[in-house]
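The next block holds one structure in the form of C-alpha cells; read it before the comments.
Where a number appears in this text, it was derived from the coordinates with a stated rule and is not lab data. Quantities reported herein were computed from a predicted structural model and do not represent experimental measurements. Using ideal geometry, Cβ is built from the backbone for each residue, glycine included, and neighbour counts are taken over all protein chains shown.
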Amino acid sequence: MFKKILIANRGEIACRVIKSARKMGIATVAVYSEADKDALHVELADEAVLLGPAPSRESYLVADKILAAAKQTGAEAIHPGYGFLSENEAFARRVEEEGLVFIGPKHASIAAMGDKIASKKLAGAAKVNTIPGWNEAIETAEAAVKIARDIGYPVMIKASAGGGGKGLRVAYDDQSAFEGFTACRNEARNSFGDDRVFIEKFVEEPRHIEIQVLGDAFGNVIYLNERECSIQRRHQKVIEEAPSPFISDATRKAMGEQAVALARAVNYQSAGTVEFVVGKDQSFYFLEMNTRLQVEHPVTECITGLDLVELMIRVAAGEKLPLAQADVKRDGWAIECRINAEDPFRNFLPSTGRLVKFLPPDATMAAAGPMLTGGGVRVDTGVEEGGEIPMFYDSMIAKLIVHGKDRADAIAKMREALNGFVIRGISSNIPFQSALLAHPDFQSGNFNTGFIAQHYPHGFAAEDGSNADPLFLVALAAQIRRKEHARAAGITGQLSGHEVKQAADFVALVKGDDGATRRHVVHFTAFDARSGAAELTVDGQPYHLVSPCRLSDLRHSGTVNGRHFVAQVERGTPRNILAYRLSHDGARIDVMIVSPRAAALSAWMKHKAPPDTSKLLLSPMPGLLVQVAVAVGQHVQAGERLAVIEAMKMENILTATQDGVVEEIVATQGQSLAVDETIIRFR
C-alpha cells in the first residue's frame, strides 16, 4: 500500500480523498493556488505545495507543477479527484511515465472513453445501446446546422471533452444550433483545452440515470447499482439519488450489464460511471462514460456501504476487488443536494465573497466511515466559516447527503437538513433545493430532465417557495417579537408609567418583491417566555408554537401545532433593519411585527421607487469581463449581444433588453467586475 499520495485537486473532493487516505494510514499532500492558500484542504493535508496564481490554467491545470510537487514531497501516487486533469489522458500517461501511480483508470482507458466521440463508437462495438447522432468532430457552425437538420430537431450539441454541464447546449432550430455550436466551442476551449464538438439526437422527456462501475487489474468488473440524476438546471445536476424511483429491477440489471461490458471492452481499472438517457418506456441509450470519481458518488456509498475512494486507492495499489457482483448491497435510499454559491432569486447568478456564517446541519455520517442503521446526514465540503468563495473555480460550496430507510424518509431528512443549513455572506441555492424537495411531482417520482424548466420557466422567486402554510412564518416572527417584548419587560430601572408593555395584539407587515405590503392581524391568547410556548392566531388561524431558541439563534427549531420544524431567522434585511427575514421549506419572507397603531401610521409611508437603470448595462454578477461586443455610437437592437462575463468556469452572455445607442463603454475588457458595476451606458 502507498505511504503517501498527492491530491491534484481542491475543495470538497480534495478533503474527501484526504479523509479516506487518513483512515487507511496514508499521508497526504495538498496542492493549492494563491487563491486557496487558506483553504480547508490545505489545512487538512499533512503537507501542501503552492502551484501558482489563482487561475486554474496557471495552477491546477499545469501538469508539470503537479508532478514536480509529487517528486518534491515523495508522493508515490496522485489522485486527481474530478474536474481539472482527472480525465486528461496525457496527464495520466505522464504520471505513469514518471514512475508514479495514477489513482484512476489507465491512460488508454481514459483516451478510449474520455473522448465522447470515440466512446460512442466503442459502445456500439460492445453492443451497448447508443443514440443516433453525428459522431465526428464538427468544424463550423454552418456544418452544425446542416447536421442538426439531418438528425432532426431537437439536438444536443456537446463538447467531446466536456463534463459538468460545460460545453453543452440543446438546439430546437437553426439559430439556436448556430449559436449553441459557437458557445460550446468557446466553453470547451476555455474549460478543457479541446474545442471539438459533436451532435446527437435529444431524447425528449428523458431521465438521466447512471451506473457506477468498479474494475481492477485482474479482469474483475462490477456495477454498484444506479443513480438518478434527472433533476438538472441547464444540464447541470442539482439533486441526485440512489436508487432511481423509476427503473425496474430488469432495467437496472440490463443497464448494469451493458455498463460492465463497456468497461471490460477498455480494460477499465478504477471507479467510473456509465451514463444513460432513459425514455419513459424504460428504453435506454448510452450517453458517455466518466472515467473518474463522480460528484454524486456519496449516494452510492450510502446504499452499498462501500468507500469508493478507498477502493480506488486499493485498486491503484494493485489489490483485487474485495467483492463480487453478488456481494453488492442496495440498502435504503440516499439523496444528495449540491449546495452552490449562486443566487436563485437572481436567476442563479454566481455569488462570491466571504462566508460570514457557515453552519451546516449536524453530520451523523462520516465521509469515509461506515453507514448508520436507519440512515443519517453527511456533509462533504471544502470550506469553513470565514473562508472565501473565489470567482475562479466551480460554484460548489458543499454536498449535503442523507440516507434513509426509504425514499419518503430520505426526503424528510433532506428537507429538515436544508432548513437548518445556514450560509451568510454569500447567496446559495438552498431555498431552491428546499422548494424542489417539497414539490409534489418530485415527491411522487414523476419527473425527467425537463422538470426545472417545466415548473420554473421564468426562474425562481421567493413566492415560489413551497411552504404548505404561508402564515406559519408570520406566526413564528410574531412569537419571536413577543419574546423580545418579554425580555425588554424584565429590564430593571424602567421609568414608572412608561414600562414596556407585553401586548397581545400586533400586525405583521410582509413586504413583497414588488414593494407592496401585505397585512396580517396577530393575536396572542397565551405566552410563556421561559419555554417559548405561545398560543396565537394569524388572521384568525390558530397556532400553538413551542420554540425555546434564543433570540440570537439563526436556526430556530420546535413544534408548530404538534409538528416539528426547523427554520432560519435573522434580524435586519436589506430593506429594513427592523424587519425579520425568515426562511423555511424554500419560502422566504421579510416581515415587521408592529403595534396596530404603528401599522396604521405605516400606511402613510410612501414606497420609494428604485433608481432608473434602463440606460445602463450592469454586471449581474462578480466576474471577468472577457468581451465587449459593441462600440461607442453603435445602434443595438433588443436581443443583440453586448458583453460576455466569465464567472465560476461559465461563460455568461449579456444581451440588450431594448433598442438603443451606445453612449459610453465604462468598463474595459479583462476587468474584474463587481455586482451591479456599470459596463455600458446608453443614450
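General observations
- With contributions of -39500 (n - 2.57) from each DSSP H run of at least four residues, the per-residue ellipticity at 222 nm computed over the chain stands at -7500 deg cm²/dmol.
- A simple spin-label model places pseudo-atoms 7 Å from Cα toward Cβ; at GLU34 and GLU179 they are separated by 3.7 nm.
- Dipole size of the stretch 132-201 about its Cα centre, with +1 on Lys/Arg Cβ and -1 on Asp/Glu Cβ: approximately 180 debye, rounded to the nearest 20.
- Restricting the stretch 171-204 to chymotrypsin sites (Phe, Trp or Tyr not before Pro) in coil, as DSSP defines it, with at most 16 other Cβ within 10 Å: TYR172
- Average Cα contact separation per residue, the stretch 132-201, under 8 Å, 6 or more apart, as relative contact order %: 43 percent
- Rounded to the nearest 20, the size of the Cβ-charge dipole of the stretch 272-319 about its Cα centre is 80 debye, with Lys and Arg at +1 and Asp and Glu at -1.
- Cut-off 19 Å (backbone N to label point 7 Å along Cα→Cβ of ASP441), residues of the stretch 214-229: 228-229
- Under the combined filter of DSSP loop state and at most 15 neighbouring Cβ atoms within 10 Å, the stretch 238-321 retains these trypsin sites (Lys or Arg not before Pro): LYS280, LYS320.
- Proxy reagent accessibility, fewest Cβ within 10 Å first, across TRP333, TRP134: TRP134, TRP333
- On full extension, the segment bounded by ARG234 and LYS253 gains 3.9 nm, given 0.36 nm per residue less the C-alpha separation.
- VAL17, VAL636, VAL309 arranged by Cβ crowding within 10 Å, fewest neighbours leading: VAL636, VAL309, VAL17
- Dipole magnitude for the chain: about 1120 debye, using +1 per Lys or Arg Cβ and -1 per Asp or Glu Cβ, origin at the Cα centre.
- Distance between the stretch 297-333 and the stretch 8-54 - C-alpha centres, whole angstrom: 23 Å
- Centre-to-centre separation between the Cα atoms of the stretch 210-275 and those of the stretch 429-457: 23 Å.
- Label-zone membership for the stretch 214-240, site ALA326, 7 angstrom Cα→C-beta point, backbone N under 17 Å: 220-223
- Added length on full extension, which subtracts the Cα-Cα distance from 0.36 nm per residue, HIS455 to ARG683: 78.3 nm
- Taking the charge dipole of the stretch 378-434 about its Cα centre, with +1 at Lys and Arg Cβ atoms and -1 at Asp and Glu Cβ atoms, the residue from PRO390, SER427, ALA410 reaching farthest to the positive side is ALA410.
- Each of ARG487 and ARG571 was given a label point 7 Å from its Cα along the Cα-to-Cβ line. The distance between the two points is 0.5 nm.
- Loop-resident sites, the stretch 96-165, for trypsin sites (Lys or Arg not before Pro), counting at most 14 other Cβ within 10 Å (DSSP): LYS127
- Here the residues MET1, MET113, ranked from fewest to most Cβ neighbours within 10 Å of their Cβ, fall in the order MET1, MET113.
- Unit charges at the beta carbon, dipole of the stretch 207-464: most positive-side option, LEU306, PHE246, VAL213: PHE246
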